[in-house]
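Here is the structure we will look at, set down as structure tokens.
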Amino acid sequence: MAKRTPAPTAPPRERAFLVGVELVAQKSLLPLKDSLNELALLADTAGLDVVGQLTQRLAHPNPETFIGSGKVQELRALVEETMADVVIFDDELSPRHQRELERALGENVRVLDRTALILDIFAQHAHTKAGMLQVELAQYEYYLPRLTRAWTHLARQAGGGGGRAGRMGGVGLRGPGETQLEVDRRHIRRRIAHLKRELEKVRAHRMRYRAKRKRARLPTVALVGYTNAGKSTLLNRLAGADVYVADQLFATLDPTTRRVELPGGYLALFTDTVGFIQKLPTTLVAAFHATLEEITEANLLLHVVDISHPNALLQARAVHETLEQIGADHIPVVTALNKVDLLSDPDNARHTLRDYPHAVAISALTGAGIPELLQMIQRHLYETYTPIRVRLPYQQGQLISLFHESGQVERIEHERGGVVMQGRIPGRLLAQFSAWQIPPNGAEERKKET
């Protein structure tokens with residue numbers, strides 16, 4: 001009888017200790033306790049075991065160690081007691097903070113912040129070429145100012161490769177002198193320039209793809225929401241798709257587009273996008289510009305909210321703030337209050353509808369409320385007309401034709417450089433005309449007079 005080969009055992013998970021600081025002068029979206037709970041979920045998603053946490057309330061960060069010197073000594077004792085391998089701060093640390101903390105805690109303990117943790121999760125979950133390029137760019141731009149030692153470990157992480165020590169320890173080991181560091185910095189800057197050129201190609205390709213979709217006259221709906229709100233599950237329910245779903249943060253990074261049939265035989269393209277989160281690193285927003293354009297170019301946003309989460313309203317606010325940050329706050333929104341199947345009393349979700357614009361209570365898992373959601377989306381895309389007045393240059397012939405074909409023209413005035421059109425257009429087209437819209441109530445005319 002042949003011997004059975006024992007299954008390989010998984011390497012032990014690293015032990016993480018969390019640190020949260022409540023800054024008196026800085027307004028935070030989530031209470032400190034809830035923000036640390038979210039940080040613990042991020043750590044778990046990254047493959048770490050949380051073994052403890054420490055908090056402090058400060059008027060302003062310590063210029064050397066972020067937390068007070070007494071707290072640093074307390075943190076060192078707790079790290080030794082729990083045998084933690086890594087300390088993770090809930091706020092972004094400056095390079096100086098990170099250096100001083102590593103010096104105070106000992107060379108065997110790595111110090112990371114929330115941004116580095118999210119970057120590590122993105123590195124694990126990026127699978128397409130575009131996703132890996134975007135993650136690599138965000139990593140390099142984050143680590144470049146923190147480069148005080150050998151960067152060879154960081155190089156191994158490019159595109160999400162390498163082990164945990166490679167991904168998260170790129171700045172954690174002693175290295176060569178300043179001359180070598182300058183060489184390393186130049187190498188990284190060249191790599192950043194190359195990645196930006198490659199991502200510009202990705203962006204151009206997606207622009208051509210979106211232009212093709214517009215010519216097909218199919219409206220697009222972008223699913224947005226806080227991470228783990230259930231966007232991918234909803235897309236699978238609506239389109240019979242097979243988008244990867246997992247009960248973890250940032251399970252989906254790369255946009256996925258599927259065709260969905262709406263009531264009345266109408267069609268629309270639904271795109272699942274990367275989830276948002278509070279304190280979303282600016283390096284990620286910049287690096288994922290090509291992906292986030294799928295949101296800014298959509299005709300309608302479908303905001304998926306996990307109504308079973310205790311901080312659902314605050315999470316929704318974080319999503320709206322991110323939409324403003326990327327310039328997508330002018331696009332019409334329909335809200336899906338998801339996961340009503342997890343509520344002890346699903347009727348409670350209906351009382352919450354008044355807190356959200358154009359909202360429907362649903363369960364992407366069971367299908368409850370899906371017909372009502374599709375009906376609302378269909379009305380927004382094909383039946384809801386919005387008053388608008390625009391000044392279109394003659395070079396924008398496509399938009400002039402689109403207004404005539406899909407809108408209701410009430411008045412038209414020809415000027416030297418273009419045409420002023422007034423009427424009503426479907427809500428799905430508002431985003432395309434927003435750049436040419438004339439302010440209401442004659443604001444533009446009053447400005448000219450003054």
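The values are calculated or read from the model by the stated rules, or taken from the named source; none is laboratory data. All of these numbers come straight from a predicted model, not from anything done at the bench. With ideal geometry, Cβ positions are generated from the backbone for all residues, glycine too; neighbour counts draw on all protein chains shown.
Quick notes on this structure:
- From the options L402, L381, residue that is more than 27 Å from V360 (Cα to Cα), of a type in the set (A, V, I, L, M, F, W, C) and in contact (Cβ under 8 Å) with a residue 24 or more places away in the chain: L402
- Here A298 fulfils each of the conditions (1) touching a Ser or Thr at 6+ places or on another chain (Cβ under 7 Å); (2) at pLDDT below 85; (3) surrounded by 19 or more Cβ atoms within 10 Å (Cβ to Cβ) apart from (2).
- Residue that is farther than 20 Å from I118 by Cα, touching a residue at least 24 places away in the same chain (Cβ under 8 Å) and surrounded by 17 or more Cβ atoms within 10 Å (Cβ to Cβ), where the choices are T65, T45: T65
- Residue match in the stretch 274-288 (condition: buried (at least 19 other Cβ atoms within 10 Å of the Cβ) and at positive phi): yes
- Lone qualifier among L402, L430, L373 - being crowded, with 16+ Cβ neighbours inside 10 Å and at pLDDT 90 or above: L373
- All positions within the stretch 358-416 that are polar (S, T, N, Q) and in contact with a helix residue (DSSP H, G or I) (Cβ under 8 Å, 6 or more places away or on another chain): S363, T366, Q375, Q378, T384, T386, Q396, S406
- One residue alone among E107, E102 is assigned to a loop (DSSP other than H, G, I, E, B), assigned by TED's automatic domain parsing to the domain that holds P61 and either in contact (Cβ under 8 Å) with a residue 12 or more places away in the chain or among the aromatic types (F, W, Y) (or both), and that residue is E107.
- Residues that are surrounded by fewer than 18 Cβ atoms within 10 Å (Cβ to Cβ) and at pLDDT below 90, drawn from the stretch 96-128: G106, E107, N108, Q124, H127, T128
- Among the residues making up the stretch 274-314, those that are of a type in the set (S, T, N, Q), under 12 Å from the mean Cα position of the chain (by Cα) and assigned to a helix (DSSP H, G or I) are T282, T283, T291.
- Selection of first residues in the stretch 314-341 that are acidic (D, E) and of second residues that are crowded, with 20+ Cβ neighbours inside 10 Å, restricted to Cβ pairs under 6 Å at least 6 apart or on distinct chains, gives the following pairs, ordered by first then second residue: D329/L323; D341/S363.
- Within the stretch 324-340, tally of residues that are surrounded by 15 or more Cβ atoms within 10 Å (Cβ to Cβ) and at pLDDT below 90: 4
To keep it simple, each residue is scored yes or no on (1) out of contact with any Asp or Glu (no Cβ under 8 Å at 6 or more places or on another chain); (2) over 30 Å from A336 (Cβ atoms); (3) in the same structural domain as G240 (by TED's automatic domain parsing); (4) among the hydrophobic types (A, V, I, L, M, F, W, C).
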| residue | (1), (2), (3), (4) |
| --- | --- |
| L365 | no, no, yes, yes |
| E372 | yes, no, yes, no |
| I377 | yes, no, yes, yes |
| Q396 | yes, yes, no, no |
| E410 | yes, yes, no, no |
| E413 | yes, yes, no, no |
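- Qualifying positions in the stretch 410-426 - farther than 14 Å from I438 by Cα and surrounded by 14 or more Cβ atoms within 10 Å (Cβ to Cβ): I425, P426
- Some residue of the stretch 266-273 being more than 26 Å from L42 (Cβ to Cβ), of a type in the set (V, I, T) and assigned to a loop (DSSP other than H, G, I, E, B): no
- Pairing each residue of the stretch 26-37 that is outside any loop (DSSP other than H, G, I, E, B) with any residue that is of a type in the set (S, T, N, Q), provided the two are 6+ apart or on different chains, yields C-beta distances under 9 Å for L32/T55; K33/T55; D34/N311; S35/S28; S35/Q278; L36/Q53; L36/T55.
- In summary, helices (runs of 4 or more DSSP H) completely within the stretch 138-232 and bearing 1 or more residues that are at pLDDT below 50 occur at 152-157, 164-168.
- Test result for A268, at pLDDT 85 or above and either surrounded by 22 or more Cβ atoms within 10 Å (Cβ to Cβ) or not charged (D, E, K, R) (or both): yes
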